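Structure record follows, encoded as structure tokens.
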Amino acid sequence: MMTMMKFNLSFYASRKFPLFFNRPYIIAASFHSINRNCKDSKTLQDAVYTFNRMLYRNPVPPIPEFTKILSVIVKRNHFAAAISLIKHFDFLGVNPVLKPTIYVFNIAINCFCHLKRVDFGFAVLGKATKLGYQPDCATFNTLIRGLCGNDKLHQAIKLFDRLVKNGFEPSVVTYGTLINGLCKSGDTRSAVVLLQNMETSTCPPGIIQYSCIIDSLCKRKRFVEALKLFTEMKRKGLSPNVVTYTCLIHGLCSIHSWDEALELLSEMHARNISLNVHTFSILLDALCKEGRITEAESLLSLMIQRGVTPNTVTYNSLIRGYCLLGKMDVARKLFDSMVDQHCTHSVITYNILIKGYSENKKIDEALSVFHEMCNEDIVPSLVTYNTLIIGLCQAGRFEEALLLPYEMKSHGLTPDISTYNTLLDALSKNTKLDEAVKFFDSMIDQGCMPSVMSYNILIKGYSENEKIDEALNMFSKMSKNGVNPNVVTYNTLISGLFHAGRLEEARMLSSDMKSRGLKPDIVTFNTILNTLYKNGKVEEARSLFNTMDDDDVVPDIVTCNCIIDGMCKSGETDEAYGMFLSLSARGLQPNVRTYNIMIDGLCKASELDKANTLFLEMKANGCSADEITYKIMVQGFIRAKQTTRAIEFINRSLNGNVSADVKKWLNGCCPPMDQKILSSSN
DNA sequence: CTAGGGTTAG
């Protein structure tokens, strides 16, 4: 326990105690939380009722009975309600029966911190000190956490240092809180320094501190450092627990490193650490994200078999998995079945379903799910609205989308920058550039400052409408307004300049970008490579491709498609095919475009059998042929005068639900055959 | 004091 003997608190005693009474925001907030959810409000009302009854019981129950109720209320996030109950305690020192303990003060501080009023938290500390209470470890830990959680990390560190200087011995929780705050703010380096400081202090770091930093490193994809800490903790005799492993597995899954993740799973097995609902959910989510829904289903059975009950989060991932595959009926069924499994729908569950319907071109269903959630007393979040706005815009229903920010405001939600950017993008994409520009100005009037993304959207809008000079104008305007361009800005402009044939300016921009400390990314390379090939600069393209590695940029499938296409067009079909075969070794999956490019190249090199084999292979690889694939095959066979096989493909495409404009395909291909093929295929 | 699910631009 900590020693407070010489601990000097004078610097807090001067703080003003907050007025608990008659704070309008407290009343408003309590009202809101009571109405948030029926089931919840019932427990809240019960708790408040019991609390008030206890106040008038004779004799009054001991204080810990009251704080127990307060803890329940706080656990359910009814902070304002807790504070309004705490005001019943006697802070004036006239009623010895209702004399608060330091624990009551701590709860009040915690509540104020959660209500984003850390300043009131400090005022409570001031009052406690003045009344002669000794703040305990929890008091300061709560305040430090409050500062960390309210973007006042710097003050948290200052408080920590000041406390230490005044003789306060931080506990492992104090260190842990600060390490967590540093990690969440992205300063993992300082977190590691603090971890090292713990080593020489009276409380050495534990599993929690290591796990916290490991998680933060994984989230930032710094796996080398994460694994180093992981090894270090094991070397120090600290056994990683299920949380530590789960953090690492999560990180590895996020970069599709399945083998490494599986290795950790077997290590867990060897150490007799069982997977919990978090671990299973992460694995299931990763499978769903990759479209591996059958495996996700098996994993669900496995977890149930092992006695781990899936929860709302688990189901959310599965539902999203079905949505991603367009299986909305299954998604909906699963959604409905959650109730039978005693799983509640969260606002995120609804958001997933709404997005699923929107993306599968079922915006009316999305809207009806939205109304459903309101009827179920689930309060739509900012994300709900933003998702709906995207859906409405994609469905071309701009008027409705533009109304939603007003509806949000009437429900107490503030549209954020992404709300506005979505609308801005929708306007500029749909040849309403003038309206987009007006909207951009109105954002500022609404008190929402345009972000880099806002500028990027307009720059793209101008570029794609042959107004590259206006785009360049926006570019200089953004810097003037204190918004720094990012890689996307440069990529958009470079692409626009290429499109306008202003190659030299594009080149200049690309070096300007580097001088600003921005590194070209995969899109930059793809944009430039594409243009080089289009302009027949094959050698230059090839040497640029070879420099990608120096910039730590790994070619993706778009890059390879571009290279394969370029090789085919310059007659190097064998080299192109070699590259095609090397894709899996690069960890890349060919997509429809890859197959189309390669098949076209093979057809033009009169390698029809090879082309046909690829056509069959793409289906076996789960990549379905589109209209272009059929067109390439048909034209290939016509060029080779293999009319029967051409007709075969025309019929296949017509039977295969591919919307094919056969007549268009045949245009320019052997006119005399035109009639013959068309008549036989009908 | 540590872990999982939902939204915007190239």
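Bear in mind that the values in this text are calculations on the coordinates, not laboratory data. Remember, predicted model here, so these are calculated numbers, not experimental data. So basically every Cβ, Gly included, is an ideal-geometry build from the backbone, and we count neighbours across all protein chains shown.
Under 5 Å from the amide H of A:N77 lies no amide H of any residue 5 or more positions distant or on a separate chain, with H modelled from the backbone and absent for Pro and chain starts. Helical content alone sets the calculated 222 nm signal of chain A at -22000 deg cm²/dmol, taking -39,500 (n - 2.57) per DSSP H segment of four or more residues and averaging over every residue.
Which residues in region A:310-328 have a backbone N closer than 16 Å to a point placed 7 Å from the Cα of A:S337 along the Cα-to-Cβ line? Label zone hits: A:310-323, A:327-328. Here the ratio of the Cα radius of gyration of chain A to 2.2 N^0.38 Å is 1.20. For region A:204-325, the Kirkwood estimate of hydrodynamic radius, built from reciprocal distances between every pair of different alpha carbons, is 14.8 Å.
Neighbour counts of C-beta atoms inside 10 Å place A:I273, A:I102 in the sequence A:I102, A:I273, starting with the fewest.
The spread of Cα positions in region A:56-207, taken along each principal axis and listed from longest to shortest, comes to 55, 29, 27 Å. With neighbours defined as other Cβ atoms within 10 Å of a residue's Cβ, the residues A:R320, A:R306 order from fewest to most as A:R306, A:R320.
Note on region A:535-663: the C-alpha convex hull projects to 8.6 nm² when averaged across all orientations. The stretch between A:N276 and A:D259 holds 4.1 nm of extra length on full extension. This uses 0.36 nm per residue minus the Cα-Cα distance. Inter-part distance, region A:504-522 to region A:408-478, computed on C-alpha centroids, equals 24 Å. A Förster radius of 25 Å combined with the Cβ-Cβ distance from A:S476 to A:T431 puts the calculated FRET efficiency at roughly 0.50. Shown here for region A:448-495: GluC sites (Glu not before Pro) in loop regions (DSSP other than H, G, I, E, B) with at most 16 other Cβ atoms within 10 Å, namely A:E466. Between helix A:573-582 and chain A there is an angle of about 30 degrees, using the helix long axis and the longest principal axis of the Cα atoms.
Report the GluC sites (Glu not before Pro) located in region A:579-628 that are in a DSSP loop and have at most 10 other Cβ atoms inside 10 Å of their Cβ, or state none. In loop regions of region A:579-628 (DSSP not H, G, I, E or B), there are no sparsely surrounded GluC sites (Glu not before Pro). As a calculated quantity, the FRET efficiency between A:R53 and A:I304 at R0 = 60 Å, using C-beta atoms, amounts to about 0.90. By a straight-distance test (C-alpha under 30 Å), which lysines pair with A:K228 as possible cross-link partners, with residues fewer than eight away in the same chain excluded? Partners found: A:K152, A:K158, A:K184, A:K219, A:K236, A:K289, A:K519. The label-point distance for A:N465 and A:L581, in a model that sets each label 7 Å from Cα toward Cβ, rounds to 5.0 nm.
Taking 0.36 nm per residue of separation and subtracting the current Cα-Cα distance, fully stretching the chain between A:D364 and A:E617 would add 87.3 nm.
The angle between the Cα long axis of helix A:671-681 and the longest principal axis of the Cα atoms of chain A comes to about 60 degrees, rounded to the nearest 10. Distance distribution note for region A:371-482: the fraction of Cα pairs above 22 angstrom is 34%. In region A:162-271, if the dipole is taken from +1 on Lys/Arg beta carbons and -1 on Asp/Glu beta carbons about the Cα centre, which of A:Y245, A:I255, A:S216 is farthest to the positive end? Result: A:S216.
Descending by average beta-carbon neighbour count within 10 Å, the peptides A:364-370, A:620-626 line up as A:364-370, A:620-626, the highest first. Note that region A:51-59 has calculated 3J(HN,Hα) couplings of 4, 5, 4, 4, 4, 9, 6, 10, x Hz, one per residue in order, obtained from phi through the Karplus relation 6.51 cos²θ - 1.76 cosθ + 1.60 (θ = phi - 60°); glycine and proline are x. Computed from phi, the 3J(HN,Hα) profile of region A:385-398 under the Karplus parametrisation 6.51, -1.76, 1.60 (θ = phi - 60°) reads 5, 4, 5, 4, 4, 4, x, 5, 5, 5, 8, x, 9, 5 Hz, with x in place of Gly and Pro.
The phi-based Karplus calculation (6.51 cos²θ - 1.76 cosθ + 1.60; θ = phi - 60°) puts the 3J(HN,Hα) values of region A:561-572 at 4, 4, 5, 4, 4, x, 5, 4, 5, 9, x, 8 Hz, whole numbers, x for Gly and Pro. What angle do you read, to the nearest 10 degrees and between 0 and 90, between the alpha-carbon axis of helix A:118-130 and the longest principal axis of chain A? Approximately 20 degrees, to the nearest 10. Size descriptor for region A:250-308, Kirkwood hydrodynamic radius: 11.7 Å (Cα pairs only, one decimal).
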